[in-house]
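Presented below is the structure to which this report refers.
The values are calculated or read from the model by the stated rules, or taken from the named source; none is laboratory data. Just so it is clear, the structure is predicted and the values come from calculations on it, not from any experiment. Every residue, glycine among them, receives a Cβ derived from its backbone with ideal geometry; neighbour counts consider all protein chains shown. Please note that ligands, DNA and RNA were not included when accessible areas were found on the heavy atoms of the full protein model with its side chains. Shrake-Rupley method; radii C 1.70, N 1.55, O 1.52, S 1.80 Å.
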Amino acid sequence: MHPEFSPAYNDLAWRYAEQDKSLQDALGLIETALKIEPENKAYLDTRAEVLYKLHRYDDAIAIEKKLVYLYPEIHLFREQLKKYLFARQQTNDLPK
């Protein structure tokens, strides 16, 4: 009904990521939200979470590093970054 209502895109993308389902759809949804509000920190964090769930750790880390730099007072962003770095490390430690 309201295609410019970006919170709906973000919320649905986050729910998909939480449930670890429809992740490509989630990525499309969050991209739509970011077209409407490209600098929205919550949307950027959601994008990072979706990328993390897609095992695109470097992309998720890059976004979260930017958020930590821009918003050092927001503890959640530091925790998210730690989670993404840990996941990348675990992947790198797997036998080849």
- prompt: Under a point-charge model restricted to the Cβ atoms of Lys and Arg (+1) and Asp and Glu (-1), what is the dipole moment magnitude of the chain relative to its Cα centre, in debye to the nearest 20?
  reply: 360
Lysines whose Cα lies under 22 Å from that of residue 65, excluding same-chain neighbours fewer than 8 positions away: 35, 41, 53, 82, 83
task: Compare 53, 35, 66 in a GNM of the chain, Cα atoms joined below 10 Å, and give the one with the largest fluctuation.
output: 35
statement: Phi angles of region 64-78, converted by Karplus (6.51 cos²θ - 1.76 cosθ + 1.60, θ = phi - 60°) into ³J(HN,Hα) in whole Hz with x for Gly and Pro, give 5, 4, 4, 5, 4, 5, 6, 10, x, 7, 8, 4, 3, 5, 5
field: Net charge over other residues, Cβ less than 11 angstrom from the Cβ of residue 42 (K, R count +1; D, E count -1)
entry: -3
query: Ignoring ligands, DNA and RNA, what percent of the 1.4 Å accessible area of the chain is carbon and sulfur?
result: 56
field: Segment residue 21-residue 69, extension gain: residue separation times 0.36 nm, minus the distance between their alpha carbons
entry: 14.3 nm
- prompt: If you take the square roots of the eigenvalues of the alpha-carbon gyration tensor of region 32-88 and sort them as a ≥ b ≥ c, do you get rounded (a/c under 1.5), prolate (a/b over b/c) or oblate?
  reply: oblate
- prompt: Along its principal axes, what span do the Cα atoms of region 17-57 show, with the longest given first and each in whole Å?
  reply: 24, 17, 15
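Can you tell me how much longer the chain between residue 76 and residue 59 gets when fully stretched, taken as 0.36 nm per residue apart minus their C-alpha distance, in nm with one decimal?
Length gained, residue 76 through residue 59: 4.4 nm.
What is the sum of charges, Lys and Arg at +1 and Asp and Glu at -1, for the other residues whose Cβ falls under 14 Å from the Cβ of residue 16?
Working: positive: 15, 21, 47, 53; negative: 11, 18, 20, 25, 31, 49.
Every neighbour counted, the sum reads -2.
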- request: For the chain, list log₁₀ I(q)/I(0) at each q in 0.11, 0.14 Å⁻¹, using the Debye formula over Cα point scatterers of equal strength and ignoring solvent, two decimals each.
  value: -0.31, -0.50
field: Of 86, 27, 10, farthest towards positive along the dipole that unit charges on Lys, Arg, Asp, Glu beta carbons give the chain
entry: 86
query: For region 5-96, with every protein chain kept in place, what is the accessible area per residue (1.4 Å probe, Å²)?
result: 61
